[in-house]
Structures are given as structure tokens and as C-alpha cells.
Amino acid sequence: MTERKQDNSSTYKIIEVVGSSPNGTDDAIRNAIADVAKTVKNVDWFEVTQCRGHVENGSIGHFQVGLKIGFRVET
């Protein structure tokens, strides 16, 4: 096996999660990232893949945001 050269390249793993909040999509994203960061190291980026909500009695009950979250694989 070839030894890896020291450079600035990284390898990432991607997980998919759904964050939710009654206050809006921004809070839903922040909640999801905060929860993931409790158990996953090296979280570096996210991508919003879905945005939806739940309706209760004719108004918005809560927002749901689907995310892909990337984290660096340790070498």
C-alpha cells in the first residue's frame, strides 16, 4: 500500500438527518447540526436536501429540514 502524501486533501463521510423546530427552518437546521455534533467528530459542512412542515389545525405545527452532513474521516 502506498503511504499518503501530506497535503490539504480530506476524505468525508456523509450522513442524512432531519431536523425539526416549531420556530422555523433556520432553527431546524441548527438543531440537527447541534445534535449530530454531540456524537460525530469533525463535522465540516451541510447541504439542505428537503424542506417541509407539519400542519396542525390549519397552521404550521413545525418545520422539518432534511440535511446531508459531511464530516472528515480521520486518517
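List of remarks:
- Residue range of the chain that is longest and free of trypsin sites (Lys or Arg not before Pro) which are both DSSP loop and sparsely packed (at most 12 other C-beta within 10 Å): 42-75
- Calculated accessible area for the chain comes out at 77 Å² per residue, all protein chains present (probe 1.4 Å; ligands, DNA, RNA ignored).
- When GluC sites (Glu not before Pro) are flagged only if DSSP places them in a loop and at most 16 other Cβ atoms lie within 10 Å, the longest unflagged stretch of the chain comes out as 4-73.
- Debye-sum result for the chain in log10 I(q)/I(0), which assumes one identical scatterer on each alpha carbon, at q = 0.17, 0.19 Å⁻¹: -0.67, -0.77
- Accessible-area composition of the chain, carbon plus sulfur, in percent [1.4 Å probe]: 48
- The count of lysine pairs in the chain whose Cα atoms are under 17 Å apart, excluding pairs fewer than 8 places apart on the same chain, comes to 5.
The values are calculated or read from the model by the stated rules, or taken from the named source; none is laboratory data. Since the structure is predicted, the reported quantities are computational estimates derived from the model, not experimental observations. Heads up, the Cβs are rebuilt from the backbone with ideal geometry, glycines too, and the neighbour counts pull from every protein chain shown. Quick note on the areas: whole protein, heavy atoms, side chains included, nothing else; ligands and nucleic acids left out. Shrake-Rupley method; radii C 1.70, N 1.55, O 1.52, S 1.80 Å.
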